[in-house]
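Please treat every number below as a calculation from the coordinates, not as lab data. Keep in mind that what you see is a predicted model, and the values were worked out from it rather than measured. Because the Cβ atoms are built from the backbone with ideal geometry, glycine has one as well, and the counts that use them run over all protein chains shown.
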Amino acid sequence: MSFLVEPPALPVPQLHDEELAELNREFERLSAPKIIQWAVDNYSPHLSLAASMQDAVLIDLAVKVDPAIEVIFIDTGYHFPETLQTVEDVRRRYGLNLKMMTVAHHDEELWKVDPENCCSAVKVGQLDRALAGKAAWMSGLRREEATSRANAPIVARDLRGLVKVNPLANWSDLDVEGYIADHDIPVNPLLHQGYTSIGCQPCTQLPTDPDDPRSGRWAGRDKTECGLHS
Ligand code: SF4
């Protein structure tokens, strides 16, 4: 007897390559709220937003479109206390529909010996779990954050086959700073201490290159991405 059950077919549009290309051309001219509205209209309730809690810009924009949107945060067990406090502050401010993914405690410090597998097991594995049954998800990824992200599309299909929407892909650092100031958006207090990209504590330090905001991530290693945005 098999216990494998096929997931139910989702009543949502499946996008082909030509449609994605056309949408990307159109979305380059649209505001982030309109892109979020498109995602909500087409994929809610099979839509989530994955948050890093560096700031709450995307959350602020998204809850104005859909106050009940599901927000995923992956608690790797290695976050800075400031990041966990930001999660709580943001949850309270917006009354978030928060899906907190927690990782079972493990004594082994895999990040020391094999950060690639650590990210894969802890971050990507938890996101896979969180997105089970979903058709699409959003993230705050931006092109200006890193050269590896310079060509990030606004809408794409991820390795799971889900639609991935990056409504802020073409926002500059100044756009983000302006939105935070204009709307009194909660930010991770580590930003005020000089951190320009915030991940797990053991793998995050102050930037080593002032021209590369992500240079403090996995500094001294050959690794630049955790795999969440593959
Ligand atoms: S960022 Fe570091 S601690 Fe966090 S999951 Fe990746 S390797 Fe592990």
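Run the numbers for residue 192 and residue 170: contour at 0.36 nm per residue of separation, minus the present Cα-Cα distance, in nm.
Computed gain between residue 192 and residue 170 is 5.5 nm.
For the chain, restrict the atom set to alpha-carbon positions and state the Rg and Dmax in Å.
Reported Rg and Dmax, both Å: 17.5, 59.
Just for the range 51-192, what percent of DSSP beta bridges are antiparallel, to the closest 5?
Around 30 percent of the beta bridges assigned by DSSP in the range 51-192 are antiparallel ones.
Between residue 98 and residue 182, what is the label-point separation in nm under the 7 Å Cα-to-beta-carbon projection?
My value for the distance between the label points is 2.7 nm.
At 222 nm, what value in deg cm²/dmol follows for the chain if DSSP H runs of at least 4 each add -39500 (n - 2.57) and the sum is divided by all its residues, to the nearest 500?
Estimated from H runs of four or more residues: -8500 deg cm²/dmol.
In this model, which of 99/123; 112/223; 134/164; 64/99; 34/99; 34/123 are farther than 21 Å apart at the alpha-carbon?
On the way: 99/123 14 Å; 112/223 13 Å; 134/164 11 Å; 64/99 18 Å; 34/99 24 Å; 34/123 29 Å.
Over 21 Å apart, Cα to Cα: 34/99; 34/123.
Quick one: grab the alpha carbon gyration tensor of the range 49-115, order the square roots of its eigenvalues as a ≥ b ≥ c, and give me rounded if a/c is under 1.5, else prolate or oblate depending on whether a/b is larger than b/c.
prolate
Once label points are set 7 Å from the Cα along Cα→Cβ at both residue 205 and residue 24, what is their separation, rounded to one decimal in nm?
So the two model labels end up 3.6 nm from each other.
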